[in-house]
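Below: one structure, written as C-alpha cells.
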Amino acid sequence: MRTELAPGLIYLPGFYDRAAQAALLADIRAVMAEAPLFTPRMPRTGQPFSVRMTNCGPLGWVSDVQGGYRYQPRHPQTDQPWPAIPASVLKAWEEAGGYQHPPEACLVNLYGPQARMGLHQDRDEADLAAPVVSISLGDTGLFRFGGTSRGGGTKSLKLQSGDVVVIGGASRLAFHGIDRILAGSSTLLGEPGRINLTLRRVTVP
Ligand code: MD6
Ligand code: FE
C-alpha cells in the first residue's frame with residue numbers, strides 16, 4: 001500500500017515484511033559494529049540528543065558544539081570512513097524514493113524506550129530536490145508531521161516496524177518529529193527500542 005498523506009509525503013506501511021526486517025536488522029547491527037553509536041549534541045547548548053546515532057554511506061550526519069550540524073565522510077570518534085549502505089536498505093530508496101541518483105548518507109537513529117526527537121526540518125542537504133526516505137524497525141514510534149512553517153497544525157501517525165515514509169516534493173521541508181516510542185510493541189530487536197534509518201542525497205548531482 002502507498003498513501004500520500006500530504007503532497008510529497010508518502011506512507012508505505014509494511015514495506016518490509018518480518019523476514020526482510022530481520023535481514024535489515026542484521027545488516028544494521030553489522031554497521032553499528034563497524035561504526036559505533038555516538039551521542040550527538042545540540043550545536044549551541046551542547047545538550048545531548050536522547051537518541052544515539054551512527055551512519056553508513058559516503059557521508060554521515062553529525063552534530064556537536066564545535067562544528068554544528070553537518071555531513072562528513074568520517075566517524076567523529078574512530079575517524080574511519082562510514083561503512084557502505086547495505087543493499088537491503090538501498091531497496092527502499094530505489095523502490096519508494098523515485099530519485100534517479102543514489103543516496104549519499106544513511107543516518108541510523110537508535111531510540112531507547114524514553115528517547116524522542118523534537119519537531120525539526122531536514123535541511124542540511126544541498127540537494128532539496130531529492131526526497132528523504134525513512135525506514136522504521138522495532139518498537140512503534142509516534143511520528144508527528146506538520147507543514148513547512150513551525151506554527152501550523154500537525155498530525156500524528158504510528159510508524160511500525162517495516163514501515164517506510166518518503167518526505168519529498170512539497171513536503172521536503174515539512175516539520176516532523178517523534179513524540180514517543182511505544183515500548184514493547186515489537187519483538188524484532190529483542191529489547192525495547194526503535195531504530196530509524198533515513199536515506200538522504202546530500203550534494204547536488
Ligand atoms: C524518526 N525521522 O522517524 C525520525 N526525517 O525517528 C526523521 O527525522 C525523518 O522520518 C526526514 C524524513 C523522514 C523522517
Ligand atoms: Fe528528520
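Computed from the coordinates by the stated procedures, all read-outs in this text should not be read as laboratory data. Since the model is a prediction, treat every value here as computed from it, not as a measurement. Methodologically, a virtual Cβ is constructed for each residue, glycine included, from the backbone with ideal geometry; neighbour enumeration extends over all protein chains shown.
Side notes on the structure shown:
- Dipole-positive endmost among V89, L24, S134 within the chain (Cβ charges, Cα centre): S134
- Summarising the amide proton neighbourhood of R180: residues at separation of 5 or more, or on other chains, whose placed amide H is nearer than 5 Å comprise L142.
- Think of segment 141-205 as having a plus end and a minus end, set by charges on the Cβ of Lys, Arg, Asp and Glu; of L173, L197, T187, L173 sits farthest toward the positive end of this dipole.
- Segment 107-129 versus segment 174-205: alpha-carbon centroid distance in Å: 8 Å
- Dipole in debye (nearest 20) - segment 1-158, about Cα centre, beta carbon charges: Lys, Arg +1; Asp, Glu -1: 620 debye
- Averaged over residues, the count of other Cβ atoms within 10 Å places the peptides 168-177, 15-24, 63-72 in the sequence 168-177, 15-24, 63-72, highest first.
- Ordering 132-139, 49-56, 150-157 by mean Cβ neighbour count within 10 Å, with the highest value first, yields 132-139, 49-56, 150-157.
- Per-residue ellipticity at 222 nm from helix content only, as computed over the chain with -39500 (n - 2.57) for each DSSP H run of at least four residues, stands at -3500 deg cm²/dmol.
- Backbone geometry of segment 183-200 corresponds, through the Karplus equation with coefficients 6.51, -1.76 and 1.60 at θ = phi - 60°, to 3J(HN,Hα) couplings of 4, x, 7, 9, 9, 4, 6, x, 7, x, x, 9, 10, 10, 10, 10, 8, 9 Hz, x marking Gly and Pro.
- As a ratio to 2.2 N^0.38 Å, the alpha-carbon radius of gyration computed for the chain takes the value 0.94.
- Whole-number Å³ per residue for the convex hull built on Cα positions in segment 78-130: 157 Å³
- The largest-to-smallest principal axis extents of the Cα set in segment 107-179 are 31, 24, 18 Å.
- Karplus 3J(HN,Hα) series, Hz, for segment 85-94 with 6.51 cos²θ - 1.76 cosθ + 1.60 (x for Gly, Pro): 6, x, 4, 4, 7, 4, 3, 5, 4, 5
- Per-residue HN-Hα couplings for segment 119-129 [Karplus 6.51, -1.76, 1.60; θ = phi - 60°; Hz; x = Gly/Pro]: 4, 8, 10, 8, 9, 8, 9, 6, 8, 8, 6
- Peptide packing: for 118-124, 1-7, the average count of neighbouring Cβ atoms within 10 Å per residue gives the ranking 118-124, 1-7, highest mean first.
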